[in-house]
Each structure stands twice: as C-alpha cells, then as structure tokens.
Amino acid sequence: MNIQRVEKIFRRLSGLSPEETIGLRFLCEAAVEYIDCRLSNKEDGAGGDRLEFAAAAFAYYRYVLWKLTDGEMNEIRVGEISSKRNSAAELEAAERLCREAFYDIRDLLEPEDFIFTSVG
C-alpha cells in the first residue's frame, strides 16, 4: 500500500490540511499495518485502491474517536448564538464508512474469527 495515497484520502475524509495532518501520520501508518497483517495473500498486490481507501477510512474512524476523547470543546458560544458539534453523528458516520470500506475488501482479508477447541 502507498502510505502517501492513504494520507491523501485521510485528508479528504477529515477535511484537514497537509499541515494539520503532519502529527496524525501515525494513524495512517497504524491502519496500513493493521490491514497488511490481515491480508490473506500478501504477495498478490490486488486491491490496491480498495485497500488504501479502507486504511484511510480506518485511520479516519480512529481520528474521530481520538478527537472526541481529547477534551476538545464541542460547543461554541458567542453571545446569544451557539453552535454545537454533533459528536454522535460524526462518530456514527465514520464508523459506517469504515465498516463499508472493510466490507469492500473482505475478499482480501483473513477472517478475524477465532475458534477455540479443546485438546484431549
């Protein structure tokens, strides 16, 4: 996967500038690593665009979670006018995007299911 393309997609999803995302590169790197670890055929190279989008969507979902837990103010008030960010809707949209992106690459990933059996 091309990390620069993942970062570019992440910027578009988040609406952040390149300067604002410098400190967030770790989110994209972690998402790429997670998907790379789950690939069923690591040498195939198939699904490049789909994989990069899924990595960016996963990084964006984690960014939204991080942003909601970092103590950032959710409401702005100026006199009689106030504006409140709908955190639940933002998180729900990011989660849905991530879920759909992973659904699109399901044919490329190993399942995450574990089967426990006893040895007797």
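What the table below lists for this structure:
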item: FRET efficiency for residue 41 and residue 4, using Cβ-Cβ distance with R0 set to 25 Å, rounded to 0.05; result: 0.60
item: Net length gained if the chain between residue 30 and residue 95 were fully extended (0.36 nm per residue, minus Cα distance); result: 21.7 nm
item: Other-chain or far-sequence residues with amide H under 5 Å of residue 39's (modelled H); result: 110
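No value in this document is a laboratory result; all are computed from the given coordinates. Everything numeric here is computed off the predicted structure, so don't read it as measured data. In this analysis, Cβ positions are derived from the backbone assuming ideal geometry, glycine residues included, and neighbour counts consider all displayed protein chains.
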